[in-house]
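The values are calculated or read from the model by the stated rules, or taken from the named source; none is laboratory data. Only a predicted model underlies this, so the values are computations on that prediction, with no experimental measurement involved. No Cβ is skipped: glycine too gets one built from the backbone with ideal geometry, and neighbour counts run over all protein chains shown.
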Ligand code: FES
């Protein structure tokens, strides 16, 4: 069995047989990876293998339609096209498409409005 950690779902951990499809495990174990088509077409299931990238199988041609070489280098895969051969930790929730923000920005965070004393 392999261990899959769903980082963007509070670090939820699931185990699955070796060579399981990542999206399928997510569905079965409620891991929470977003998806639409399940067939490598929509690109919704784009995720980042934060740990254990070496434990995923070969990149599929369908993935190359949605991810750039630099995305793969950064660990991005499409969950519905990815099979896990060992433990991985996965995150998701980047921007809707091509430009994934990997590093957090240093933009100042808007201050919270002052709480109303009596409302
Ligand atoms: S769910 Fe559509 S490409 Fe993976």
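As an exercise: evaluate residue 100 against (1) surrounded by 15 or more Cβ atoms within 10 Å (Cβ to Cβ); (2) in a loop (DSSP other than H, G, I, E, B); (3) modelled with pLDDT of 95 or more and give the number of the one condition it does not meet.
For residue 100, the failing item is (3).
Within the range 82-96, identify whether any single residue is modelled with pLDDT under 95 and more than 26 Å from residue 13 (Cβ to Cβ), and answer yes or no. Break it down stepwise before answering.
Looking only at the range 82-96, we keep the residues that are modelled with pLDDT under 95, and these are 93-96.
Then keep just the ones that are more than 26 Å from residue 13 (Cβ to Cβ); that gives 95-96.
Within the range 82-96 (the criterion being modelled with pLDDT under 95 and more than 26 Å from residue 13 (Cβ to Cβ)), the answer is yes, since at least one residue qualifies.
Residues in the range 1-19 that are closer than 12 Å to residue 91 by Cα and either in a loop (DSSP other than H, G, I, E, B) or in contact with a helix residue (DSSP H, G or I) (Cβ under 6 Å, 6 or more places away or on another chain) (or both): how many?
Residues flagged as closer than 12 Å to residue 91 by Cα and either in a loop (DSSP other than H, G, I, E, B) or in contact with a helix residue (DSSP H, G or I) (Cβ under 6 Å, 6 or more places away or on another chain) (or both) within the range 1-19 amount to 3.
Could you tell me which residue of the range 56-73 is surrounded by the most Cβ atoms within 10 Å (Cβ to Cβ), considering only residues that are outside any loop (DSSP other than H, G, I, E, B) and within 9 Å of the ligand (Cβ to nearest atom)?
63
So, in the range 23-42, of the ones that are in contact with a strand residue (DSSP E or B) (Cβ under 7 Å, 6 or more places away or on another chain) and assigned to a loop (DSSP other than H, G, I, E, B), which residue ends up nearest to the ligand (Cβ to nearest atom)?
Filtering the range 23-42 for residues that are in contact with a strand residue (DSSP E or B) (Cβ under 7 Å, 6 or more places away or on another chain) and assigned to a loop (DSSP other than H, G, I, E, B), the one nearest to the ligand (Cβ to nearest atom) comes out as 40.
What number of residues in the range 43-55 are touching a residue at least 24 places away in the same chain (Cβ under 8 Å) and either within 10 Å of the ligand (Cβ to nearest atom) or assigned to a strand (DSSP E or B) (or both)? Walk me through it before giving the result.
Restricting attention to the range 43-55, the residues satisfying the condition of being touching a residue at least 24 places away in the same chain (Cβ under 8 Å) are 43, 45-55.
Now drop any that are not either within 10 Å of the ligand (Cβ to nearest atom) or assigned to a strand (DSSP E or B) (or both), which leaves 43, 45-51.
Matching residues across the range 43-55 total 8.
So which residues in the range 74-83 are near the ligand (Cβ under 9 Å from one of its atoms) and out of contact with any strand residue (DSSP E or B) (no Cβ under 6 Å at 6 or more places or on another chain)?
Within the range 74-83, 80, 81 meet the criteria.
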